[in-house]
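Only one structure is covered here, and it is reproduced in the block below.
The values are calculated or read from the model by the stated rules, or taken from the named source; none is laboratory data. No experiment lies behind these values; they were computed from the predicted model shown. With ideal geometry, Cβ positions are generated from the backbone for all residues, glycine too; neighbour counts draw on all protein chains shown.
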Amino acid sequence: MNYINLYQQYKEQSLFGRYITLEHIEPLLLKYPTSVVGHSVLGKPIYQLRLGSGKTKIFMWSQMHGNESTTTKALFDFINFLHSNTSESETILKAFTFCLLPMLNPDGAELYTRENANKVDLNRDAQDLSQPESKVLRQVFETFQPDYCYNLHDQRTIFGVADSGIPATVSFLAPAYNESRDINEVRTKAMNVIVAMNETLQTLIPNQVGRFDDSFNINCVGDTFQFLKVPTILFEAGHFPNDYEREETRKYIFTALLSGIQYFYENDIVDNKIDDYLKIPQNKVVFYDFVYKNVKINYDGNEKIINFAAQYKEVLNKGKVTFEARIAQIDNLENYFGHNILDAQGETYIDNVANFPNIEQKADFYLGKNIKVVNGLIKN
């Protein structure tokens, strides 16, 4: 399959950017036979879409964290493909049954927050099931009885692929099912699918795929479902250079979804690819959005050359997510990388506050007389 051509053909054009809410996806869902399987804290419907009639059952849910929308976009691209009435889509629909919850946390999506309206992280509520959204997820899981689970998320721009200096554009995890992080048959099945998806992605974004930390937490949904003996795969949509709207990353999540399904179709998932899985480099917190090097400051009357970093904060403003750059770290930047790097070459830092880059201060300043930085970027 040419995954990129398929993505371009079936991309859902009405979805764009980081702010994706129930209002955006509801018209798309209502084109299909959907059902409401529950409601959020604020009474918003949680929709379920079932597709296919095949033996292998795959359960996918997205936007458990309301501000993680990239996989939601990719999921609708995937839905468009499944409804394409092509020989490829018909083959998949005959082999698989899909149960999709495209937006588990509609309140958090509208507020653009990680938590739900009760300020609870649903991905830490798998045991207590204290929230209506958590109860819906578990109810659907128990009713559908999936063979595999796909837990779809976004990750921040701070993650790189080990110490390579390359951003982790897509990351995966076969979650642990116990404190010892043992590898059993269930977890191995998840690893095998991840290896297949990684092999495809390496042809498109070489060295940009990471492996998420597998520390065990039974309160997390993926760990719980793995404990309940259902192979579960965590997807993390990360940063592609200059792609803060996550439209490039969306393409690779779609590719991962479809190539993984293709692997299911063509294989019995009986191989043991644990070694290949463990060779995927682990994610590491090594990035800032901006790094400024060799900046001169006056500190206690003495001139000094420093480096400092700034990080975007995502702020919901009148129905749109804006990116506000703020100072995040001063010096101590060894082993860190920047998605945007500026070498000041000894120019003096000047701002309208204290002529010193204080933590949490807006990244608006001058470097010498000729370089003006506004919201982290050089303004021409």
Looking across the range 280-314 at residues that are among the aliphatic types (A, V, I, L, M) and within 20 Å of F240 (Cα to Cα), the single one that is surrounded by the most Cβ atoms within 10 Å (Cβ to Cβ) is A310
Can you say whether N375 is surrounded by fewer than 17 Cβ atoms within 10 Å (Cβ to Cβ) and modelled with pLDDT under 95, as far as the supplied structure shows? no
Selection over the range 158-197 where residues are closer than 30 Å to N335 by Cβ, surrounded by fewer than 22 Cβ atoms within 10 Å (Cβ to Cβ) and polar (S, T, N, Q) yields a count of 2
Among (1) without any contact (Cβ under 8 Å) to a residue 40 or more places away in the chain; (2) of a type outside the set (K, R); (3) over 23 Å from L228 (Cβ atoms), S180 falls short only on (3)
Going through the range 218-235 in order, the residues found to be not in a loop (DSSP other than H, G, I, E, B) and not polar (S, T, N, Q) are V221, G222, D223, F225, F227, I233, L234, F235
Looking across the range 273-299 at residues that are of a type in the set (V, I, T) and part of a strand (DSSP E or B), the single one that is farthest from D214 (Cα to Cα) is I297
Kindly check whether there is at least one residue in the range 359-380 that is among the charged types (D, E, K, R), within 27 Å of E245 (Cβ to Cβ), in a strand (DSSP E or B) and touching a residue at least 40 places away in the same chain (Cβ under 8 Å). no
*On the given criteria, is S215 modelled with pLDDT of 95 or more, among the small types (G, A, S), in contact with a strand residue (DSSP E or B) (Cβ under 8 Å, 6 or more places away or on another chain) and not in a helix (DSSP H, G or I)?*
no
Scanning the range 199-222 residue by residue, the ones that are within 30 Å of G338 (Cα to Cα) and either crowded, with 23+ Cβ neighbours inside 10 Å or of a type in the set (S, T, Y) (or both) total 7
Note on the range 1-59: residues β-branched (V, I, T), in contact (Cβ under 8 Å) with a residue 40 or more places away in the chain and surrounded by 15 or more Cβ atoms within 10 Å (Cβ to Cβ) are I20, T21, I25, V37, V41, I46, T56, I58
Checked P241, P175 against criteria (part of a loop (DSSP other than H, G, I, E, B), in the same structural domain as S130 (by TED's automatic domain parsing) and closer than 17 Å to K273 by Cα); the one match is P175
Selection from the range 1-47 of residues more than 21 Å from E245 (Cβ to Cβ) and assigned to a loop (DSSP other than H, G, I, E, B) yields M1, N2, L30, K31, Y32, P33, S40, V41, L42, G43, K44
Notebook entry, point to check: Any residue at all in the range 66-83 that is farther than 19 Å from T249 by Cα and touching a strand residue (DSSP E or B) at 6+ places or on another chain (Cβ under 7 Å)?
Noted result: yes
(Q) Kindly evaluate N352 against the criterion of being touching a residue at least 60 places away in the same chain (Cβ under 8 Å) and in a loop (DSSP other than H, G, I, E, B). (A) no
